[in-house]
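Note sheet for the following structure.
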Amino acid sequence: MAPSAAQRIVIENCAIATVDAGDTEYASGYLVLAGNRIESVGAGKAPEGLENVVRRIDATGHLVTPGLVNTHHHFYQWITRGLATDHNLFNWLVALYPTWARIDEQMTYAAAQGSLGMMARGGVTTAMDHHYVFPQGSGDLSGSIIRAAAEMGVRFTLARGSMDRSEKDGGLPPDFAVETLEGALAATEETVKKHHDASFDAMTQVAVAPCSPFSVSTELLRQGAELARRLGVRLHTHGSETVEEEKFCHELFGMGPTDYFESTGWLGEDVWMAHCVHMNDSDIAAFARTKTGVAHCPSSNARLAAGIARVPDMLRAGVPVGLGVDGTASNESGELHTELRNALLINRLGAHREAALDARQALRLGTYGGAQVLGRAEQIGSLEPGKLADLVLWKMDTLAHASIADPVTALVFGAAAPVTASFVNGRQIVENGRLLHVEEDAIARSTREEAQRLARIAAQG
């Protein structure tokens, strides 16, 4: 739609953190949305004489930022929260795989609604789901997840996962929880062709995403990379999450995770990996050289005692880094805006101490960094004319934040800020902390019912 014909929304009297290349900020400024694009942003009042203005928002007391971008999640885990709470990663997986292997389409849809709803209420406008559990006869799991995102109005990337290395092959998943190599590749290709949208303003995209080195064969990794590049989509997996994984890779492949990934075609600017906690200087240099992205999940890494990722070193080397919630069986809150604070605080426990990250670096991780990692930095992640209208109005004049002079510091260091409004593609999806297009109470009931149903099925074995 041409700007002159587009309906406009004007947002005024707010602090603005654009997260553009120069970190431009306005103590009091405006944004004009025209259709699904940002038409203008600047200091002071909006221009006079704008046509087709359908709404004006007085955002006094608010900070406006780009919408948050989640780069790693497992939605289905919403219905297995609070289990195996004192386990490390490998023991946690062994404990939960038998339950996860019983999920079906109804459970997956409800869990996706719960995961998406919690993130959207907290300022996430672009979400992703790494779904890799596909029990036989479980229904259209990918379709159900995509449907949940569309109904909520969230921009979405489905990372179509897969596993083909089960216990009998030396992996962790039970034998009945995996696909065959051929079946996984065929189903992944079908999902890409059916659901991936390559357009500038795409609401749904698909990535190729074998699960991890210890749950997939070398051939699935290698052929998965070839498939993704033939289809022109991105690649995602878990990498270097724990010391146990590093030991596993050395024992099985004779090399560490990064060298193994490079040997299978899994480093490149079209690749991003979750966690990357245990990375040496050579690993970080390889990621920087190839522009391989990282999804940093600080709360999950702490929950599973995996360690502290070297995020400051990655950023200084030029590695693209975004933030991830990770699955809610290892981050029960399911919120990304709290990861801004946790990323900053946890990284200050590392070698760089108080110089590790500051508030604006944390905000950049959760916005523009995430857009980079998902391959969408030209469309989202910063507030600039021509970009898609994905943005959040954070209420900063309440008891929780009003005495902090700098709103970006308040957002990152302070309590989780209330979301007055969240827009995706120019359409509002949250108002005063409530979802606008789905019924939250109904989702709460269905997720509880599906969690109970899954627990009963798993108990029957």
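The values are calculated or read from the model by the stated rules, or taken from the named source; none is laboratory data. These numbers were taken from a predicted model, which means no experiment stands behind them. Glycine gets a Cβ as well: all are built from the backbone with ideal geometry, and neighbour counts include every protein chain shown. Remember, those area values only see protein heavy atoms, side chains included, never the ligands or the DNA or RNA. Shrake-Rupley method; radii C 1.70, N 1.55, O 1.52, S 1.80 Å.
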(message) Just to verify a result, which residue in segment 41-72, among those that are assigned to a strand (DSSP E or B) and within 24 Å of the chain's Cα centre (by Cα), is nearest to Gly369 (Cα to Cα)?
(response) Val69
(message) Going by what's in this entry, would Leu220 be described as touching a residue at least 12 places away in the same chain (Cβ under 8 Å), assigned to a helix (DSSP H, G or I) and surrounded by 18 or more Cβ atoms within 10 Å (Cβ to Cβ)?
(response) yes
(request) Identify the single condition in (1) closer than 15 Å to Ser215 by Cα; (2) out of contact with any Asp or Glu (no Cβ under 9 Å at 6 or more places or on another chain); (3) open to solvent by 20 Å² or more (accessible area, probe 1.4 Å) that Trp100 does not satisfy, given that it satisfies every other one. (result) (3)
(request) Kindly indicate whether any position in segment 256-278 is of a type in the set (Ser, Thr, Tyr), surrounded by 21 or more Cβ atoms within 10 Å (Cβ to Cβ), touching a helix residue (DSSP H, G or I) at 6+ places or on another chain (Cβ under 6 Å) and under 27 Å from Asn331 (Cα atoms). (result) yes
(request) Might you let me know whether segment 146-169 holds any residue that is at pLDDT below 95, open to solvent by less than 10 Å² (accessible area, probe 1.4 Å) and over 23 Å from Glu450 (Cβ atoms)? (result) yes
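Could you tell me how many of the residues in segment 170-186 are exposed (fewer than 15 other Cβ atoms within 10 Å of the Cβ) and either within 22 Å of Ala228 (Cβ to Cβ) or in contact (Cβ under 8 Å) with a residue 40 or more places away in the chain (or both)? Write out each step before concluding.
Our first condition is that a residue be exposed (fewer than 15 other Cβ atoms within 10 Å of the Cβ); within segment 170-186, this holds for 170, 175-176, 180, 182-183, 186.
Adding the requirement that they be either within 22 Å of Ala228 (Cβ to Cβ) or in contact (Cβ under 8 Å) with a residue 40 or more places away in the chain (or both) leaves 170, 176, 180, 182-183, 186.
Of the residues in segment 170-186, 6 are exposed (fewer than 15 other Cβ atoms within 10 Å of the Cβ) and either within 22 Å of Ala228 (Cβ to Cβ) or in contact (Cβ under 8 Å) with a residue 40 or more places away in the chain (or both).
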(message) Looking only at segment 36-54, filter to residues that are in contact with a Pro (Cβ under 9 Å, 6 or more places away or on another chain) and crowded, with 20+ Cβ neighbours inside 10 Å; which one of those is nearest to Phe200 (Cα to Cα)?
(response) Arg37
(request) Please specify each residue of segment 388-409 satisfying the condition of being surrounded by fewer than 24 Cβ atoms within 10 Å (Cβ to Cβ) and either touching a Gly at 6+ places or on another chain (Cβ under 7 Å) or under 25 Å from Ala295 (Cα atoms) (or both). (result) Lys395, Met396, Asp397, Ala400, His401, Ile404, Val408, Thr409
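Matching residues to (1) part of a helix (DSSP H, G or I); (2) modelled with pLDDT of 95 or more; (3) more than 27 Å from Glu39 (Cα to Cα); (4) not polar (S, T, N, Q):
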residue	(1), (2), (3), (4)
Ser403	no, yes, yes, no
Val408	yes, yes, no, yes
Ala417	no, yes, no, yes
Ser422	no, yes, no, no
Val430	no, yes, no, yes
Ile443	yes, yes, yes, yes
Gln452	yes, yes, yes, no
Ala455	yes, yes, yes, yes
(request) Name the residue, out of Ala455, Ala416, that is in contact (Cβ under 8 Å) with a residue 12 or more places away in the chain, over 30 Å from Arg102 (Cα atoms) and of a type outside the set (Val, Ile, Thr). (result) Ala416
(message) For the list (1) farther than 30 Å from Asp23 by Cα; (2) crowded, with 24+ Cβ neighbours inside 10 Å, I need the number of the one condition that Asn70 fails.
(response) (1)
(request) Mind listing whichever residues of segment 300-359 are aliphatic (A, V, I, L, M), open to solvent by 40 Å² or more (accessible area, probe 1.4 Å), part of a loop (DSSP other than H, G, I, E, B) and closer than 25 Å to Glu269 by Cα? (result) Ile308
(message) From the list Leu383, Leu363, Leu374, exactly one residue is within 30 Å of Ala198 (Cα to Cα), in contact with a Gly (Cβ under 8 Å, 6 or more places away or on another chain) and either buried (at least 24 other Cβ atoms within 10 Å of the Cβ) or hydrophobic (A, V, I, L, M, F, W, C) (or both). Which is it?
(response) Leu374
